[in-house]
1. For the stretch 1-20, what are the residues that are open to solvent by 50 Å² or more (accessible area, probe 1.4 Å) and either free of Cβ contacts under 8 Å to residues at least 60 places away in the same chain or out of contact with any helix residue (DSSP H, G or I) (no Cβ under 6 Å at 6 or more places or on another chain) (or both)?
2. Quick one: count up the residues across the stretch 248-262 that are in contact (Cβ under 8 Å) with a residue 24 or more places away in the chain and either surrounded by fewer than 18 Cβ atoms within 10 Å (Cβ to Cβ) or among the acidic types (Asp, Glu) (or both).
3. For Glu245, state whether it is surrounded by 15 or more Cβ atoms within 10 Å (Cβ to Cβ), assigned to a loop (DSSP other than H, G, I, E, B), at negative phi and of a type in the set (D, E, K, R).
4. Looking at the stretch 191-205 only, could you name the residues that are open to solvent by less than 60 Å² (accessible area, probe 1.4 Å) and part of a strand (DSSP E or B)?
5. Check Thr188 against each of (1) open to solvent by less than 50 Å² (accessible area, probe 1.4 Å); (2) hydroxyl-bearing (Ser, Thr, Tyr); (3) out of contact with any Leu (no Cβ under 9 Å at 6 or more places or on another chain); (4) touching a residue at least 40 places away in the same chain (Cβ under 8 Å) and name the one condition it does not meet.
6. Somewhere in the stretch 157-180, is a residue surrounded by fewer than 18 Cβ atoms within 10 Å (Cβ to Cβ), under 23 Å from Pro62 (Cα atoms), out of contact with any strand residue (DSSP E or B) (no Cβ under 7 Å at 6 or more places or on another chain) and modelled with pLDDT of 95 or more?
7. Could you please find all residues in the stretch 170-219 being within 22 Å of Val148 (Cα to Cα) and of a type in the set (Asp, Glu)?
8. For the stretch 127-156, give me each residue that is part of a helix (DSSP H, G or I) and over 17 Å from Gln185 (Cβ atoms).
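The values are calculated or read from the model by the stated rules, or taken from the named source; none is laboratory data. Not measured: the values here are computed from a predicted model. Heads up, the Cβs are rebuilt from the backbone with ideal geometry, glycines too, and the neighbour counts pull from every protein chain shown. Remember, those area values only see protein heavy atoms, side chains included, never the ligands or the DNA or RNA. Shrake-Rupley method; radii C 1.70, N 1.55, O 1.52, S 1.80 Å.
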Amino acid sequence: MSTLVTGATGIVGSRVLTQLRSRGLSATGASRTSTTRLDWTDTSNWDEILDGVENVFVVTPPGKALGNRVAGFLERAAKAGAANAVVLTDMGTEHAPADSDQRAAELQAKDLFDRWTVLRSNWLFQDFTEGMFATMARSRNGRLELPVKKKTGISFVDARDVADAAVAALLGDHGGRDYTLTGPQTLTFREVVKQTRGTESPVWKFKSLDRGSFHSRAADRGMSDRYVGSLSERFAAADAGRAAEVTEGVYEALRREPIPLARFVREAVL
C-alpha cells in the first residue's frame, strides 16, 4: 500500500510520514522542499508523483488562493487510482463558503472518493515551538502579537493527536467521517505562553493587537494580503467563541483522550 503525504515538511505532515515509515509502510513525502517536489502552482509533475499511490493525505494551505489547485490535485489522484483521501483543514471549515480554499478541498474529496476522511484541527501546541507563532515571536524579541482578545479561549490540540488521527484514517476504517480535533481544555494565548516558557518555544509574552497593526506587521514579514486576511478571519472567529469548543473528535478517531498542555510542556522542555 503506497501513501503520498503532502505538506511533508510541516508540523503534521512530517509526523504522519514518520509514523507510516516506522511501521514499514511505503510512504512518500511531498512538499516544495522535499525530494519529491509538490508545488500547488505547478501541475507538471502531479501525474508522476501520483503514479501507484493508493492513499493520499492532503494538508490544505489556508488563505493562499489554492483551493481550486488542491481540488484539482485530488481529482488527479482519483483518476490515478487512489482509493482513499484524508484531508486536513482548519476547525470550522464546514461553515465556510463552498468556493473557499479549504472547503473546496473537503467537498472535492467527498465527491470523488468512496473512502474519504476530513480532519479539522484547531490551533496546535506546536505552533508555539516550531510553527507560525514561534516564527512571529522570533521577529519581535519573544513577543507574540496577534489580533485576538486576551480572554479569548481556544481548545489548542497537540499535533501528535492530529497526526495519529490522520494515520488511523489512512490505515483503518474511517471512511465517510468528519472529525473536529481539539485538545481537552480551553485556554487563552496568555495561558499557553505562560506554561510553555522554558520549552522549545521562543514565545515569552503575548500582546493583543488591533487588526490594522497585525496586518502591517504581517505584511512586513512578507505575508500575502490573502493569507493575512485568512488569519484575521480565523482570529475573529476565535474572538466570537468559535474556537473554544472542546470536542470528542480525538477520542472518536483514536479511542483515547487528547494530549493535554501539561504533557506537551513536560515533553517539550529543553
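1. The answer is Met1, Thr9, Thr18.
2. Final tally of qualifying residues: 5.
3. yes
4. As a first pass, look at the stretch 191-205 and keep what is open to solvent by less than 60 Å² (accessible area, probe 1.4 Å): 192-193, 196, 198-199, 201-203.
The answer is Thr199, and nothing else.
5. Checking Thr188 against (1) open to solvent by less than 50 Å² (accessible area, probe 1.4 Å); (2) hydroxyl-bearing (Ser, Thr, Tyr); (3) out of contact with any Leu (no Cβ under 9 Å at 6 or more places or on another chain); (4) touching a residue at least 40 places away in the same chain (Cβ under 8 Å), the one that fails is (4).
6. There is no residue in the stretch 157-180 that is surrounded by fewer than 18 Cβ atoms within 10 Å (Cβ to Cβ), under 23 Å from Pro62 (Cα atoms), out of contact with any strand residue (DSSP E or B) (no Cβ under 7 Å at 6 or more places or on another chain) and modelled with pLDDT of 95 or more.
7. Within the stretch 170-219, Glu191, Asp210 meet the criteria.
8. Met132, Phe133, Ala134, Thr135, Met136, Ala137, Arg138
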